[in-house]
Structures are given as structure tokens and as C-alpha cells.
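Have a look at the structure below, then the notes.
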Amino acid sequence: MNKVIEINELALSDMDLAYQVFRRSIPNAFEQEGLVALTEVIAREIEGKRRMLHDALYTVGEAVRFLVARMDDNIVGVISFGPCNDDIIKCTDGRLKNVGELGSLYVLPEYQGRGIGSALIRAMANKLAEQGIDSFCLDSGYRHAQAKWLNKFGQPYTTVQDYWGPGSGHMVWFCKVANYVG
């Protein structure tokens, strides 16, 4: 039996459960990359996502917006859209600095592979299309995620080799919203 995925905008009552998605998924992503020993980096990444959630609820204007995916009465995934990050600006020499970024896409490890990430991308693309936004960018330094994004978004707009150190490149995609609505 297929379970229903419900996707909504982040609400104040979602804050703790959305934060738990980051607390559980980010260490998992680092583990998949063989970087589990980078405990301080992992902690900073989780704290940064906590601040983004807070800002999404309490900042007007350029704040990042989040959607959350629910399944089994639990938040199992999140996605954001907002101003592009410094890595995208740096990797593209500023060419995409005015393009909004699709980011913070995380799904709880035990729910991965069920189409939740794709449903979140589609829901965010629909929201962007409703607002007249015609493109977005996204980036990844995680090799595991890069493989998924290559399959979903095709060849990246740019790849910066050794960005995170020898053998660790960073990829940036530039996408048309219309290709992902549904």
C-alpha cells in the first residue's frame, strides 16, 4: 500500500520536527561521504539549518522559504528556496547570484528512495511557477547527492574540481522551473 505524502509550507508547529530531519539526515549524508569524523562541520551545518528554519518563520522579505513533507503523521523531508548561497556565487563567478536557490533538500534516511525528494522538488517548482519565477539553481558537494542530481537535472551548469579538497568537486545546476512542475 502506498502511503500519502502531504506537502505544506513550514508552520511554527513544524519547527521541531523539521529540525529533527536535519539533525538526523545531515550526519547520515556526511557518513555516506566517508566524512563522519568532521563532527564540528556537521554541527555547524545542522546549526545553520536551524537558523534558516527560524529565519523562514520570523523574517520578512528575502528569507528562505521551506516546504515540509509529511508521511505517517511525521515530517520526513524538507526543501527550501531562497537567495543563492556563497558557494554558488563563487563557483559561477557571480553569474547566478540573482537566481534563487533550491536547497536544504533532506529526507529522513529510513524514508529515502520513496519519491519524497522528487515530490518536494515538484511541489516547490509549482510554488515558484505560481509566483512567476522561471528558474532556479542548486548545488552539491556531496558525491552521493551529485549522482542523484545528475540523473534528475542532467549535466551541471558548472563543476569546480577540487573545491572541497583533492578529488572533491562542487557542482552547480541551473534549471528551468517549467521542467519540474507537475
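Odds and ends about this structure:
- Between ILE133 and GLN32, the FRET efficiency from the beta-carbon distance, with R0 = 45 Å, is close to 0.90.
- Inter-label distance, nm, simple model (7 Å from Cα along the C-beta direction), TYR58/VAL181: 3.5
- Put a dot 7 Å past the Cα of ASN98, heading toward its Cβ, do the same for ASP86, and the two dots end up 2.3 nm apart.
- Given charges at beta-carbon only (K, R positive; D, E negative), |dipole| of the range 6-134 in Debye: 120
- From the coordinates of this entry, volume of the Cα convex hull per residue in Å³ is computed, and it appears in (i) 162; (ii) 121; (iii) 147 under the label (ii).
- Calculated FRET value between ASP73 and GLN161, using beta carbons and R₀ = 35 Å, to 0.05: 0.20
- Given their separation in residues at 0.36 nm each and the Cα-Cα distance between them, GLN112 and VAL4 gain 37.4 nm when the chain is fully extended.
Coordinate-derived values only; no laboratory data. The structure displayed is predicted, hence computed values, not measured ones. All Cβ positions, glycine included, derive from the backbone under ideal geometry; neighbour counts span all protein chains shown.
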